[in-house]
Amino acid sequence: MSSVPKYITAKWWEISDRGKILCTLCPRYCKIGENQSGFCYIRKNIGGKLVTTGYGHPTGFAIDPIEKKPLNHFLPGTTILSFGTAGCNLGCRFCQNWSMSKARTDDIRSLNVSPETVVKIALDHNVPSIAYTYNDPTIFGEYVEDISKLARQAGLKSVMVTAGYIDKNARADIYQNIDAANIDLKAFTERFYYKLTFAHLNNVLDTLKWLKNETDIWIEITTLLIPDENDSPDEIKNMCEWILQNLGEFVPLHFTAFHPDFKMIDKSPTPLSTLQRARSIALKQGLKYCYLGNVHDHEGQNTYCPQCNTCLIERDWHSVRFNHIINGKCKNCGVDIRGIFNNL
Ligand code: SF4
């Protein structure tokens, strides 16, 4: 593997007052003093310049089913090369990946992998796409930008799995060569975002509207339902109404089950009945595709035709048993099924 320096000069920053640097990559807008790091740990002020220690230093690679991202309407049944780095720009108390997200690049075993090598790994393993995932890829945006550009040239797709907490100028750069995104809409109240993630709901909604209105990127949404925090029928209803009004009825919505982790070990895992209730609300509100994750639920895993209700993709956990979408249409009634489909 070709070598990458320990850090490179970052994009998206400006000089601030008293020798500090203002990072303009995400809405946290950290002001960072000499030799200090921002909230996400991997962006640091060295010698009056902002550098990123994430570029070229993933924590490892995996080849996952694309359904694990989760994406159910983007190349179903294929695999995807997946990686992340140390650090994160959110502070979720329920983080299910905290050994990475709460680590600095030096604290965790990080590799040394150039963008060219990432693309080569995907090609060598014959996977059609690359996922920037595990921690939040916003914070290693320079690396995403370079890899996704090369990936597109090589005929590979790129997928962001992210909380969508990103500044509007930076996102225009980072998403230029992205094909699909799963946005973690963590809840639909500012109380939840502020108290449990140290971020803000409106910035995430703004990213979702931008993706829908100003890009061709395929989007799906995931909400981890946490008992008594974001699972009330009213909150689910409000969220679905917002999605319908702003993103339309065809955006797939995934409700996934929480398990106690990190700083939220006092809560019970999400009951299956809560997830099923949320899915019923979403479908009743008018969303056409709603899925359940981290649980076994036959109906909640499959894709049904929104017109004739034929089961078009049957899944078992992350594997696809059959796919009856032909050229992007229901094989029974011929209606368009939204997404980017292959025929297996
Ligand atoms: S990307 Fe990191 S350093 Fe920059 S504003 Fe966000 S949390 Fe702070």
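The values are calculated or read from the model by the stated rules, or taken from the named source; none is laboratory data. It should be emphasised that the depicted structure is a prediction, and the values quoted were computed from it without experimental measurement. Cβ coordinates were reconstructed from backbone atoms using ideal geometry, including for glycine residues, and neighbour counts include every protein chain displayed. These area figures cover heavy atoms from the full protein model, side chains too; ligands, DNA and RNA do not enter into them. Shrake-Rupley method; radii C 1.70, N 1.55, O 1.52, S 1.80 Å.
Condition first: crowded, with 21+ Cβ neighbours inside 10 Å and under 19 Å from Arg93 (Cβ atoms). Can you find one or more residues in the range 243-258 that meet it?
Let us first name the residues in the range 243-258 that are crowded, with 21+ Cβ neighbours inside 10 Å, namely 243, 251-255, 258.
Among the residues that remain, those that are also under 19 Å from Arg93 (Cβ atoms) are: 258.
Checked the range 243-258: at least one residue is crowded, with 21+ Cβ neighbours inside 10 Å and under 19 Å from Arg93 (Cβ atoms).
Checked against the criterion of being in a loop (DSSP other than H, G, I, E, B), open to solvent by 30 Å² or more (accessible area, probe 1.4 Å) and modelled with pLDDT of 95 or more, the range 56-73 contains not a single residue that satisfies it.
Of all residues in the range 275-317, those being in contact (Cβ under 8 Å) with a residue 24 or more places away in the chain, outside any loop (DSSP other than H, G, I, E, B) and open to solvent by 20 Å² or more (accessible area, probe 1.4 Å) number 5. Scanning the range 259-286 for residues being hydroxyl-bearing (Ser, Thr, Tyr) and within 23 Å of Arg93 (Cα to Cα) gives a total of 3.
Restricted to the range 1-39, and to residues there that are within 12 Å of the ligand (Cβ to nearest atom) and part of a strand (DSSP E or B), the residue that is surrounded by the fewest Cβ atoms within 10 Å (Cβ to Cβ) is Glu14. For the range 318-336, filtering for residues that are outside any loop (DSSP other than H, G, I, E, B) and either out of contact with any Cys (no Cβ under 6 Å at 6 or more places or on another chain) or open to solvent by 60 Å² or more (accessible area, probe 1.4 Å) (or both) leaves 9.
Among residues belonging to the range 135-183 that are among the acidic types (Asp, Glu) and touching a Cys at 6+ places or on another chain (Cβ under 9 Å), point out the one that is farthest from Tyr7 (Cα to Cα).
Looking at the filtered set, the residue picked out is Asp167.
When the criteria are applied in full, Leu71 meets the requirement of being touching a residue at least 60 places away in the same chain (Cβ under 8 Å), hydrophobic (A, V, I, L, M, F, W, C) and more than 10 Å from the ligand (Cβ to nearest atom). The single condition among (1) surrounded by 24 or more Cβ atoms within 10 Å (Cβ to Cβ); (2) over 12 Å from the mean Cα position of the chain (by Cα) that Glu190 does not satisfy is (1). Per this entry, Gly339 is counted among residues that are small (Gly, Ala, Ser), closer than 26 Å to Lys212 by Cβ, open to solvent by less than 40 Å² (accessible area, probe 1.4 Å) and out of contact with any Lys or Arg (no Cβ under 7 Å at 6 or more places or on another chain).
When the range 297-339 is filtered for residues that are basic (Lys, Arg) and either at pLDDT below 95 or within 16 Å of Leu75 (Cα to Cα) (or both), the ones remaining, listed by number, are Arg315, Arg321, Lys329, Arg338. One residue stands out among those in the range 40-54 that are over 26 Å from the mean Cα position of the chain (by Cα) and at negative phi: the one that is least open to solvent (accessible area, probe 1.4 Å), which is Asn45. Scanning the range 40-54 for residues that are in contact with a helix residue (DSSP H, G or I) (Cβ under 9 Å, 6 or more places away or on another chain) and assigned to a loop (DSSP other than H, G, I, E, B), we see that the one that is farthest from the ligand (Cβ to nearest atom) is Gly48.
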